[in-house]
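Colleague: One structure coming up, written as C-alpha cells, with questions to follow.
The values are calculated or read from the model by the stated rules, or taken from the named source; none is laboratory data. As the structure is a computational prediction, the values presented were derived from the model and not from experiment. Cβ placement follows ideal geometry from the backbone for every residue including glycine, while neighbour counts extend to all protein chains displayed.
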Amino acid sequence: MAVDLPVERERKPPLALAASALRAGALAGGIAILLIILGLQAAMWALDIGPLSVGDLVLAVLVAWMAARCARGAGTAFGRALVGAVAGVTAAVIYAAFATLANSVNLKEVLDNVGRDAAPALFWHRSAEFAWLVAVAGGLVLGAAGALASYLPARTVRRAASVSARVGAVPYLNMVLAILAAVALIAAPPFIGPFWDQTLGSIGIYVLMGLGLNIVVGFAGLLDLGYVAFFAIGAYTYAFLASPKYGLHLPFLLALPAGMAMACLFGVLLGIPVLRMRGDYLAIVTLGFGEIIRILMNNLTTLTGGPQGVLQIESPSLFGLSATRPLHYYYLILAGCLLVGWVSYQLNRSRIGRAWVAMREDEDVAAASGVNIVRFRLLAFATGAAFAGMGGVIFASRQHAIFPSDFVMLVSINVLCLIIIGGLGSIPGVIAGSVILIGLPEVLRQFADFRLLLFGALLVLMMVARPEGLIPSRRTRLELEEAGQGFGRPPAVEEPAQVAEVRE
Amino acid sequence: MSAILKVEKVSKRFGGLLALHDVDMVVEEGSIASLIGPNGAGKTTLFNVISGFYKPDEGRVILRNREITGLGPDRVASLGIARTYQNIRLFNAMSVLENILVGQHTLLRSGIFSSIVRTPQQRREEEQARQRAIELLRFVGLQGQGDATSRSLPYGAQRRVEIARALALQPKLLLLDEPAAGMNPGETEALIALIRRVRDTMGITVLLIEHDMNVVMGISDYVTVLDYGTKLAEGTPSQVRSDKRVIEAYLGRGVSTAA
C-alpha cells in the first residue's frame, strides 16, 4: 500500500483568496441561474421533502461545495470560514438579483421557465425583502459551513469513496451479493406491482441490446451506430410471423429463432461491405444503415404497413402459457438476459473472445497471429445482431404494435451510451448502464423533459471522473492500473537479475 | 540442406518509390539468417511482403515448395511464418498469458458453439493451450509473469513476450524485426542466447533484421544485405564483412579505399 502523504496546500495571499472566493461564488450563482432557466430547478422544486424541496437542497449543496473548494487556500479556520462566507454571499446576491429581475420584468418571451407564473417561486412565494434576507443569510451560513467542512482530510473522503473497492476484496462477498441479487430478481417481481415489472422489463430489453452491442463495440472494437436496425428487423420479423398482417400465427418458440436468424443475416449483410472500414468510417456507414432500415419500414407501405405499423401482434405463449401481464414478460426477458449474458461471458473467455479483443487492440498483429479478420468481424456483427433481434422479437410481442418511429437513431445512441457508462466490454457494466439510463428516467418521470440534457451531463461527467465506466471489464482495469504505474520504460536497474535468470 | 523460404525477383512499389527491386533471397532450413542494410533499405518492406501484409508487384515468395505470394497475413501465419515487430506491438488490454494464447489461435479448433457450451473437448484444449503458454513463458525466461500486463514489464521483457507470442504459433520460420533495438548489452546477450535456443531446441528457422552488428555477426549463418531496395551482397558473416560494396553502403564511398 502506498502511504498517502499529506499534501501541504499552497497558502494564497489575501487578495488572491478574495478573488477566488468571488469567482467561486459567481460560478455557483451562475450554475443556479442556469438550472432555473433550464427549468430543472422548477422540476426539482416540485419534489418536497419536509419544509425544503429537492431544488433548494441542490442549491445549498452547490454553494457549500463551491465554498469548500475555494476556501482550501486559507490558513486559519477563521480565514477559511470568511472566504467561504464571501463566496456564499456572492452566490446568494447573484441568485437574489436574478430572482428580483424575474419578478419585476416578465421574462417569459425569452426565458420560458422564468415567466411571471414561475417567478414568485424564486422568492419562495414571500416578499422580496424576505427572500433577500433568507438568501444572503443562507449563503453566509452555507458558505462558512462548507468552508469549515473542507477541513475534513481528503483521505477520509477518499476512504469513504473507496469502501466499495474494499468490499469487493472480501472473499465470497461478490458471490453472496450475486446470489442475493439473483434471488431478488427472481422472487421479488410478483410483489412489486405492474409498474415496476414493466420498468424492469424495459431495462431488460436494453440489457439484451446492450450485451449485443457490447460484443460488437466492446469486444471487437467495431463502432456500430446503426445498431437499432437489427432490433427493428427482429421486431418486424416477429410481427410478420405472428399477427393478422400476413395471416401467419407462428408459435413464439419458432418465431423467436426466426427473428434472431433474420437479424443475424442482416448483420452479415451489413458486415460484408464494411469489412475494410475502421473507426470513424465504419461509424458513419452503420449510422446510415440504421436509418435506411427505418426509412424502408416507413416507406414500403404495402409490405410493412408504413407509418401505421403492424398491429395486433400476438402475445408469446410458451408451453400453453400465454403472456398477458407485465410480470410474464418480465420473466421472459429475464430468461433472455440470462441466456445472452451467459453466452457473452463464455465467448469472452474463449478463443473467440480473445481473437475479438486482439482484433480491437491491433488488427494487423491479430491477423499475423492467424486471426481471420473477415470471419471474426462478421461473427461479431452476426452475434451482436442476433442479440438485438431477440430484443426486437420480445419488444414486438410486448408492445403488440410496432411502428417505424420505435426504431429511431436515438435507440442506437441510448444503447451505445449505456455500454459506455457501464464500462465497454463489461457484462455487469451493461446491466448497471441500463439501470441508470433506462430505469432512472422511467422512475423520475418529472424530469422527462431534461432526459437528453442529463444524459449529456452524465456522459461528460463520466468521461472526466471515470472514463473506464461504472464497472470496468477486467481487461480495461488491468490496462488502466498499469498505465498509472509503469508508464514508458522502467529503470534498467531491474534488468541484470533477469538476464542472470535467462543464462542459467 | 534445403531452402525453407525462397524470395524470387520480388519488387514492391509505393507510388513512385521502388521499395524493393528484384530481390532474391534464400533462407536455408534450420539456419539463422540475417537481413541487414542502412535505414530505408527495404528490410521491413520485405518482411511485410513475406508475412502477407503487402502483395508484391512482381515476384514470388515460396515457403517449402508452396507459393505463398499474395496470401493474407492470417493464411501465411497458419502456414507457419510468425513474426515480431520493430516497435513492440503487444495487446495491451490483455495479460501476458492471454497474448501468448492469441498466438496459439491457429492451433485451437473450438468454434462458436463449443465455446459457448464449453464442451469437455474445448476445456481440455483451453487447458493445454494454457500449459503451452506457461511453458513458453518459461522458455523465454519470464516464468510466473503470466498475469502481468505487457506494459508493466520492462522493455527487454516485452520483446521476449512478443517472441513468445510468435513462437506460440509453432512456426516453421520466425521473422524477428530488430529484436535487439533499444536493449542494453546484458539484454542483448540474453537475446542472442534465446535466438540460438529457438533454433537448437525448437528447430525453428530464424530470419532477423538487425542493426546491431555484434548480434548479426555473432549468430548468423548467412547474411543478406539490402540497399535502396536491391540486394547488395550476401554470404557468410565474414564474407559480408569484407565486401567492399557493403562497407561503402554503410560508411560511404572513400572509406574503403582509404582503409
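Colleague: Can you tell me which residue is modelled with the highest pLDDT among those in region A:123-157 that are exposed (fewer than 15 other Cβ atoms within 10 Å of the Cβ) and assigned to a loop (DSSP other than H, G, I, E, B)?
Modeller: A:SER127
Colleague: For a quick check of your reading of the model, give me the residue pairs whose first member lies in region A:352-371 and is more than 7 Å from chain B (Cβ to nearest Cβ), whose second is of a type in the set (Val, Ile, Thr) and outside any helix (DSSP H, G or I), with beta-carbon atoms closer than 7 Å and at least 6 apart or on different chains.
Modeller: Qualifying pairs under 7 Å: A:MET359/A:VAL371.
Colleague: All but one of (1) in contact with a Gly (Cβ under 7 Å, 6 or more places away or on another chain); (2) more than 7 Å from every other protein chain (Cβ to nearest Cβ) hold for A:LEU347; which doesn't?
Modeller: (2)
Colleague: Name the one entry in B:GLY37, B:GLY59 that is in contact (Cβ under 8 Å) with a residue 40 or more places away in the chain, out of contact with any Leu (no Cβ under 6 Å at 6 or more places or on another chain) and more than 18 Å from B:ALA82 (Cβ to Cβ).
Modeller: Values: B:GLY37 fails: out of contact with any Leu (no Cβ under 6 Å at 6 or more places or on another chain).
Exactly one of B:GLY37, B:GLY59 is in contact (Cβ under 8 Å) with a residue 40 or more places away in the chain, out of contact with any Leu (no Cβ under 6 Å at 6 or more places or on another chain) and more than 18 Å from B:ALA82 (Cβ to Cβ), namely B:GLY59.
Colleague: Please verify whether region B:197-215 includes one or more residues that are within 16 Å of the chain's Cα centre (by Cα), closer than 28 Å to B:LEU18 by Cβ and either polar (S, T, N, Q) or surrounded by fewer than 20 Cβ atoms within 10 Å (Cβ to Cβ) (or both).
Modeller: Yes; the residues of region B:197-215 include at least one that is within 16 Å of the chain's Cα centre (by Cα), closer than 28 Å to B:LEU18 by Cβ and either polar (S, T, N, Q) or surrounded by fewer than 20 Cβ atoms within 10 Å (Cβ to Cβ) (or both).
Colleague: For residues that are within 20 Å of A:PHE407 (Cβ to Cβ) and at pLDDT below 95, tally how many sit in region A:227-244. Step through it out loud before you land on a result.
Modeller: Just the residues of region A:227-244 that are within 20 Å of A:PHE407 (Cβ to Cβ), to begin with: A:227-243.
From what is left, the residues that are at pLDDT below 95 are A:242-243.
So the count comes out to 2.
Colleague: Still on this structure, please answer the following. So which residues in region B:169-182 are touching a residue at least 40 places away in the same chain (Cβ under 8 Å) and more than 8 Å from chain A (Cβ to nearest Cβ), if there are any at all? Spell out how you get there, then give the answer.
Modeller: Going through region B:169-182, the residues touching a residue at least 40 places away in the same chain (Cβ under 8 Å) turn out to be B:169-179, B:181.
If the condition is that a residue be touching a residue at least 40 places away in the same chain (Cβ under 8 Å) and more than 8 Å from chain A (Cβ to nearest Cβ), then B:GLN170, B:PRO171, B:LYS172, B:LEU173, B:LEU174, B:LEU175, B:LEU176, B:ASP177, B:GLU178, B:PRO179, B:ALA181 are the ones that fit.
Colleague: Then there is this: Could you identify the single residue in A:GLY279, A:GLY247 that is at pLDDT below 95, within 22 Å of A:LEU410 (Cα to Cα) and surrounded by fewer than 17 Cβ atoms within 10 Å (Cβ to Cβ)? If you could, list the steps in order and put the result at the bottom.
Modeller: Working: A:GLY247 fails: within 22 Å of A:LEU410 (Cα to Cα).
Exactly one of A:GLY279, A:GLY247 is at pLDDT below 95, within 22 Å of A:LEU410 (Cα to Cα) and surrounded by fewer than 17 Cβ atoms within 10 Å (Cβ to Cβ), namely A:GLY279.
Colleague: Can we say B:GLY72 is on the phi > 0 side of the Ramachandran plot, surrounded by fewer than 23 Cβ atoms within 10 Å (Cβ to Cβ), within 14 Å of chain A (Cβ to nearest Cβ) and not β-branched (Val, Ile, Thr)? Steps first, please.
Modeller: Details: on the phi > 0 side of the Ramachandran plot: no; surrounded by fewer than 23 Cβ atoms within 10 Å (Cβ to Cβ): yes; within 14 Å of chain A (Cβ to nearest Cβ): yes; not β-branched (Val, Ile, Thr): yes.
Answer is no for this residue.
Colleague: Just to be sure, is B:LEU137 surrounded by fewer than 23 Cβ atoms within 10 Å (Cβ to Cβ), hydrophobic (A, V, I, L, M, F, W, C) and more than 10 Å from every other protein chain (Cβ to nearest Cβ)? So that I can check it myself, show each step before the final result.
Modeller: Values: surrounded by fewer than 23 Cβ atoms within 10 Å (Cβ to Cβ): yes; hydrophobic (A, V, I, L, M, F, W, C): yes; more than 10 Å from every other protein chain (Cβ to nearest Cβ): yes.
When the stated conditions are applied, B:LEU137 passes them.
Colleague: Check whether at least one residue in region B:104-117 is more than 8 Å from chain A (Cβ to nearest Cβ), at pLDDT below 95, outside any loop (DSSP other than H, G, I, E, B) and crowded, with 16+ Cβ neighbours inside 10 Å, and report yes or no.
Modeller: yes
Colleague: More than 8 Å from chain A (Cβ to nearest Cβ), in contact with a strand residue (DSSP E or B) (Cβ under 6 Å, 6 or more places away or on another chain) and either over 30 Å from A:VAL343 (Cα atoms) or aromatic (Phe, Trp, Tyr) (or both), is that true of B:PRO185?
Modeller: no
Each row is one residue, and each column tells you yes or no for (1) over 17 Å from the mean Cα position of the chain (by Cα); (2) outside any loop (DSSP other than H, G, I, E, B).
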| position | (1), (2) |
| --- | --- |
| B:GLY59 | yes, yes |
| B:THR69 | yes, no |
| B:SER78 | no, yes |
| B:GLN86 | no, no |
| B:LEU90 | no, no |
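Colleague: Is it the case that region B:90-97 has a residue that's buried (at least 22 other Cβ atoms within 10 Å of the Cβ), at the interface with chain A (Cβ under 7 Å from one of its Cβ atoms) and closer than 30 Å to B:SER11 by Cα?
Modeller: Within region B:90-97, not a single residue is buried (at least 22 other Cβ atoms within 10 Å of the Cβ), at the interface with chain A (Cβ under 7 Å from one of its Cβ atoms) and closer than 30 Å to B:SER11 by Cα.
Colleague: Which of (1) surrounded by fewer than 24 Cβ atoms within 10 Å (Cβ to Cβ); (2) within 14 Å of another protein chain (Cβ to nearest Cβ); (3) touching a residue at least 12 places away in the same chain (Cβ under 8 Å); (4) under 24 Å from the mean Cα position of the chain (by Cα) does A:TRP342 not meet, given it meets every other one?
Modeller: Of everything listed in (1) surrounded by fewer than 24 Cβ atoms within 10 Å (Cβ to Cβ); (2) within 14 Å of another protein chain (Cβ to nearest Cβ); (3) touching a residue at least 12 places away in the same chain (Cβ under 8 Å); (4) under 24 Å from the mean Cα position of the chain (by Cα), A:TRP342 misses just condition (3).
Colleague: Among the numbered conditions (1) within 14 Å of another protein chain (Cβ to nearest Cβ); (2) in a helix (DSSP H, G or I); (3) of a type in the set (A, V, I, L, M, F, W, C), tell me where A:ALA263 comes up short.
Modeller: (1)
Colleague: How about region A:441-483: which of its residues are part of a helix (DSSP H, G or I) and either of a type in the set (Gly, Ala, Ser) or in contact with a strand residue (DSSP E or B) (Cβ under 6 Å, 6 or more places away or on another chain) (or both)?
Modeller: Of all residues in region A:441-483, those part of a helix (DSSP H, G or I) come to A:441-443, A:445-465, A:474-483.
Those that are part of a helix (DSSP H, G or I) and either of a type in the set (Gly, Ala, Ser) or in contact with a strand residue (DSSP E or B) (Cβ under 6 Å, 6 or more places away or on another chain) (or both): A:ALA448, A:GLY456, A:ALA457, A:ALA465, A:LEU478, A:GLU482, A:ALA483.
Colleague: Could we say that A:GLY422 is more than 10 Å from chain B (Cβ to nearest Cβ), among the small types (Gly, Ala, Ser), farther than 30 Å from B:SER51 by Cα and under 21 Å from the mean Cα position of the chain (by Cα) here? Outline the logic, then answer.
Modeller: Numbers: more than 10 Å from chain B (Cβ to nearest Cβ): yes; among the small types (Gly, Ala, Ser): yes; farther than 30 Å from B:SER51 by Cα: yes; under 21 Å from the mean Cα position of the chain (by Cα): yes.
Answer is yes for this residue.
Colleague: Another question about this same structure. Tell me, yes or no, whether region A:203-223 has at least one residue that is buried (at least 24 other Cβ atoms within 10 Å of the Cβ) and over 20 Å from A:ILE421 (Cβ atoms).
Modeller: no
Colleague: Checking B:PRO237 against (1) buried (at least 19 other Cβ atoms within 10 Å of the Cβ); (2) at pLDDT 90 or above; (3) touching a helix residue (DSSP H, G or I) at 6+ places or on another chain (Cβ under 6 Å), which single condition isn't satisfied?
Modeller: Going through the list (1) buried (at least 19 other Cβ atoms within 10 Å of the Cβ); (2) at pLDDT 90 or above; (3) touching a helix residue (DSSP H, G or I) at 6+ places or on another chain (Cβ under 6 Å), B:PRO237 breaks only (1).
Colleague: Can you find even one residue in region B:145-165 that is assigned to a loop (DSSP other than H, G, I, E, B), more than 7 Å from chain A (Cβ to nearest Cβ) and out of contact with any helix residue (DSSP H, G or I) (no Cβ under 6 Å at 6 or more places or on another chain)? Break it down stepwise before answering.
Modeller: Taking region B:145-165 and keeping what is assigned to a loop (DSSP other than H, G, I, E, B), we get B:145-148, B:153-154.
The next check asks that each one be more than 7 Å from chain A (Cβ to nearest Cβ); those that pass are B:145-148, B:153.
Narrowing the set further to residues that are out of contact with any helix residue (DSSP H, G or I) (no Cβ under 6 Å at 6 or more places or on another chain) leaves B:147, B:153.
Checked against the condition, which is being assigned to a loop (DSSP other than H, G, I, E, B), more than 7 Å from chain A (Cβ to nearest Cβ) and out of contact with any helix residue (DSSP H, G or I) (no Cβ under 6 Å at 6 or more places or on another chain), region B:145-165 yields at least one hit.
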